[in-house]
Amino acid sequence: MTTTVNSTQKWTQLNIDQKIGLVPTMGALHQGHMSLIHQSKKENDITVVSIFVNPTQFNKKQDLKSYPKDLERDLALLCKAKVDYLFAPDYDALYPYNYRYKVSDCKMAKILCGANRPGHFDGVLSVVMKLLNIIKPTNAYFGEKDYQQYILIKDMVQAFFMDVNIIPCPTVREVSGLAMSSRNLLLTPEQLEVASSFYHHLKADASIEEIKTKLTEQGFVVDYIEEHFGRRFGAIHYANVRLIDNVEV
Ligand code: PAF
């Protein structure tokens, strides 16, 4: 595990001829992350994972504070998966100029999660740009659960002529259908069971209004249900936890 940007850049330089796969994460790893790691291991010589709970993408202090963290368990999972390099910087290492510079999308970052979480995608794009510049991967892997994030990152690297492939990976689900998410750790087993109906309502053959009504009746607070890019996106609050998902339509 390395925490400094300097030694990671030196390591990147030493491995300049290798095909590097990067899996950026905020830790509290689950099977969704592990599937990104497995895909990276198949497609690259070296797999790098980053763990950094990025404060600039949280628009609520309490959300950042309660975000699940378990570095010891993460390390054990990464060792077992034979990940080659873990980059786990702290805020000062990754933000030497604090948040003086940021990457903003002026269009797509304002809809869906961007509309409800002001500044969220500025934080995501800024930190991902930093990670890509430090690690210089050939391929970087992102889960389709965060589909809007995936599109924004894909467009950013094209807009800034960055030499990296952004690879989307399918959402991994619990047997119940609930999309795997680090935030699921904040729910009890009973709440997880209730939360799993979010996915089933989202993919039902019903109108957006009908889905919203059903979700509200079940005690979820709906942020949005909307269709874009051939997908139906949803975000809800349940037991003080924000859950997102999307399905093809
Ligand atoms: O999807 C996430 O976990 C985060 O948004 C990411 C891409 C690691 C950036 O902090």
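Listed values, structure above:
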| item | result |
| --- | --- |
| Scan of region 109-121 for residues that are surrounded by fewer than 19 Cβ atoms within 10 Å (Cβ to Cβ) and in a helix (DSSP H, G or I), ordered by number | Lys110, Ala115, Asn116 |
| Flag for Ala159 being modelled with pLDDT of 95 or more, under 20 Å from His228 (Cα atoms) and more than 14 Å from the ligand (Cβ to nearest atom) | no |
| Looking only at region 89-140, and only at residues there that are among the acidic types (Asp, Glu) and touching a helix residue (DSSP H, G or I) at 6+ places or on another chain (Cβ under 8 Å), the one that is nearest to Ser35 (Cα to Cα) | Asp122 |
| Residue check, Gly143 more than 11 Å from the ligand (Cβ to nearest atom) and in contact with a helix residue (DSSP H, G or I) (Cβ under 6 Å, 6 or more places away or on another chain) | no |
| Region 86-105, residues that are within 15 Å of Val124 (Cβ to Cβ) and either of a type in the set (A, V, I, L, M) or surrounded by fewer than 10 Cβ atoms within 10 Å (Cβ to Cβ) (or both) | Leu94, Val103 |
| Residues (assigned to a loop (DSSP other than H, G, I, E, B) and either buried (at least 16 other Cβ atoms within 10 Å of the Cβ) or touching an Asp or Glu at 6+ places or on another chain (Cβ under 7 Å) (or both)) located in region 231-249 | Val249 |
| Residue match in region 223-238 (condition: among the aromatic types (Phe, Trp, Tyr) and in contact with a helix residue (DSSP H, G or I) (Cβ under 6 Å, 6 or more places away or on another chain)) | yes |
| All helices (runs of 4 or more DSSP H) inside region 127-230 with 1 or more residues being surrounded by 15 or more Cβ atoms within 10 Å (Cβ to Cβ) and touching a Gly at 6+ places or on another chain (Cβ under 6 Å) | 197-202 |
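The values are calculated or read from the model by the stated rules, or taken from the named source; none is laboratory data. Fair warning: this is a prediction, and the values are worked out from it, not measured in the lab. We place every Cβ from the backbone using ideal geometry, glycine too, and count neighbours over all the protein chains shown.
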